[in-house]
Amino acid sequence: MSEDILDQARALFFAEAREMCEQIESSLLQLEEDPADRELLNALFRAAHTIKGSAGLFGLDAVVGFTHHVENSLDRLREGLISLDISFTSLLFECSDHIKLMLRDAESARDGAAPDPSVEQASGGLVVRLAPFTGASAVAQSPAVAAAAAGAGEALTDNKNWHLSLRFGKDTFRDGFDPLAIINYLATLGEVMSVRVLTEPIPAFDALDPESCHLGFEISLQTSASKEQIESAFDLVRESCTVRIIPPDRRVADIVALIESSGNGAAHLGDILVDSGAITRHELEQALATQNAVPAGDTTRVLLGEMLVKERIAPATAVDAALTQQTRNRDAKTEEARFVRVRSDKLDELINLVGELVIASAGTTIQAQKTRDSALVESTLSMGRLIEEIRNGALSLRMVPIGETFAKFKRVVRDVAGELAKEVSLEIIGAETELDKSVVEHIGDPLMHLVRNALDHGMETPDEREAAGKPRCGRVVLSACHDSGGILIKIEDDGRGIRRDKVLAKAIEKGLVAPGATPADSEIDNLIFEAGFSTADKVTNLSGRGVGMDVVRRNIEGLRGAVRIQSVTGGGTTVSIRLPLTLAIIDGFLVRVGDCSFVIPLSHVIECIDGATALTGAANETTGMLALRDAALPVVHLNRMFGIKAESSLRQSVVVVRNGTEKAGLVVDHLLGEFQTVIKPLGKMFRNVRGIAGSTILGSGEVGLILDIGSLTEIARAQADAHEHQRGSASSSQRGADHANA
Amino acid sequence: MSARVDLPAEFNIYAVADVWRSVNAGLPGAGSSDALAIDCAQLREIDAAGVQVLLSLAHTARQRAIALQFESMPAFLSERLQALGAADLFATSHDGETRHE
């Protein structure tokens, strides 16, 4: 095997081993709810077993040794010898974490780093703690010793010999064969530990046909020979003799382990059993011949697995393992048929090209419309529809359910609640909601911080909850749904809510709010997203360091998302994160202001008002108000905002947009219509320009700027609030004046 | 009165039918309280067919309460019986008589 292939195999092993650790954690979490689920217990055991087996292939003795102890405890759990209580579950979680640590250590050792001695020490500690569950004596072993035990210890099982059950056919003697010679041959393969002759089948002397063989034997044989080699002793008498070769317990365990870990992809049960050495090819052929003697569909026809066990051809545990493997193979085949692994950079390249295609298509449509050739316009529209479908298809390739990210939080909530001595249950809603892989990759960390925060700051202790008339067990809900063309993720808790007095006091202390100011509740709540802000009395390793919430906001905004917090004192807190579904392509609405083109993400557009006249506000102000169906709508004049010379003779139009619950109007010169657009990142220089989220290239080759509706609605809202405030002050002054005049 | 059987030098598949016929003809009946002496003095070779005859004989003798007596039993016969897991069935007392348990 070349170095390259070996490296790839190693990389694959590390990735798979980590997946197996995730599998252990996920099974443990599910077992906490349903401790008797055998399939979960098997999955748990299989995961540990796979890690051990694969680690052995790469010579990672420390991992093999440690995982062996974990596997032993899981085996006893599976056998019902021990039960899964909270302490054992927690220990297994620690073991899973430790395996991950060992894997990391092994991976870095490969990169030239020295192995961490503390990892070996920690292994010893965990092995001692595992001892009561493995049935072993509580002696800490070094991983190397444990690794040796993993191989040698299993030899000390009760039944370490092969058992041969022989029934010779009547013609054995006449055919010139002597069972005595066969038994003598067996002795050359190892050591015949015992032989018992069966006297029952031998007729009474007067009824005996002395030339007919009635002999049967039960033989115990100690040998390192394979089943095939043992079977070869009976090659010449195979036709007339019934031979059952039952492997020793150790061999059965090896066979079961081999079946479970080999990833044998055979579709047939018999092939899996033959490949693992549980039965020989000849035994399989005989069993199949017996089975096929009864026509298919006949109710008396016995299943192969049943027959093999009943006839003592194969151990029941091996047949069970093979049946499970067969089912897995079928599932895997179905899965394989459903999935193709594609490198993500290839996918990115495809999406980029589709993006260019979208731009080219938009350009073609514009050019076609200019020609006024109806057939050409029809063709380009038809092509545009197809390209739209290709775009949707290409983008959906990158879509992954958010459930995998959410599932990780079950463990987080369990552990954090345990550390804080709080009782918290996590509910997950909308795990199937899909969003772009790159968004999913970036949302994990912010979510982690928010969930930890909810538990650390938001959630009360069980006693506090009881005193407040709430159930002792708190509730955190992690939900996701599609909303307004994006995704809305919420982290809700039913804790104490934000303590606004504390937040405000801290904000004043930090100089974030002027002393004596009375900000609105929502403003106070959102202060927690300010840099360096924390109200925790003591810093814990979970949260309270004052780094995090501002980073959370920055990360979310970096994804073109927005984060909002709502809180009810004593009732809980809800953090809402709004994210775009993808970062690559959006449906836009193209507008023109002066000689500049802007793209408004279509998902934000509510309506367009062509030639709006009822605009208020000073001629030089960026913002103003528009009377829209008896309601005041704050508007932003894009020309003034970006310093563009507008065509003054023109009647201006307004695009009404929405961001969450807030609405605003964008005043533009021309409405050009819907337009699919590929988002290109802004250069460093323009990255901090407020109101611009990105850029794109129009079909004409011209650059278009994509508007950041979140910040524009904020600007409009701030202006509206200021107007409201002024109006309030003005009316109160007026009232005061009226009162004075009265 | 006791019956007596002389085993041939080669007690194998080729000889079992003759031995069987001769023994069967002189085998004491049930309740006769007779003994059956098996003389192995000439025996040089035995195979599983020969052992099977002895096993059947031992079984029937036990049923009929006939005392089986091996005379001049060679070491190799014990070894063969041992190899076939049949030694216990022919366990003899110090006077050469088979124990019926």
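Each Lys or Arg adds one and each Asp or Glu takes one away; over the other residues whose Cβ falls under 9 Å from the Cβ of A:V476, this sums to -3. When peptides A:380-386, A:558-564 are ranked by their average number of other Cβ atoms within 10 Å per residue, the highest-first order is A:558-564, A:380-386. Summing charges over all other residues whose Cβ lies under 15 Å from the Cβ of A:E356, with Lys and Arg as +1 and Asp and Glu as -1, gives -1.
Projecting label points 7 angstrom from Cα along Cα→Cβ for A:M193 and A:L236 puts them 2.9 nm apart.
Structural descriptor for region A:162-337: relative contact order 24 percent, calculated from alpha carbon pairs under 8 angstrom and at least 6 residues apart. Would region A:285-438 count as rounded, prolate or oblate if I go by the C-alpha gyration tensor, calling it rounded below 1.5 in a/c and otherwise prolate when a/b exceeds b/c, oblate otherwise? In terms of gyration-tensor shape, oblate.
Once the Cβ-Cβ distance between A:T317 and A:D275 is put in as r, and R0 is 25 Å, what FRET efficiency do you end up with, to the nearest 0.05? In this case the efficiency is close to 0.95. Once the mean of 1/r is taken over each pair of separate Cα atoms and inverted, region A:175-225 shows a Kirkwood hydrodynamic radius of 12.5 Å. Averaged over peptide A:195-201, the number of partner chain Cβ atoms lying within 10 Å of each residue's Cβ comes to 5. Scoring A:315-325, A:99-109 by mean Cβ neighbours within 10 Å over their residues and listing the highest first yields A:315-325, A:99-109.
Averaged over peptide B:36-48, the number of partner chain Cβ atoms lying within 10 Å of each residue's Cβ comes to 2. Mean per-residue shielding of peptide A:215-226 is 1, counting Cβ atoms of other chains within 10 Å of each Cβ.
Each value in this text was obtained by applying a stated rule to the coordinates, not by laboratory testing. All of these numbers come straight from a predicted model, not from anything done at the bench. Heads up, the Cβs are rebuilt from the backbone with ideal geometry, glycines too, and the neighbour counts pull from every protein chain shown.
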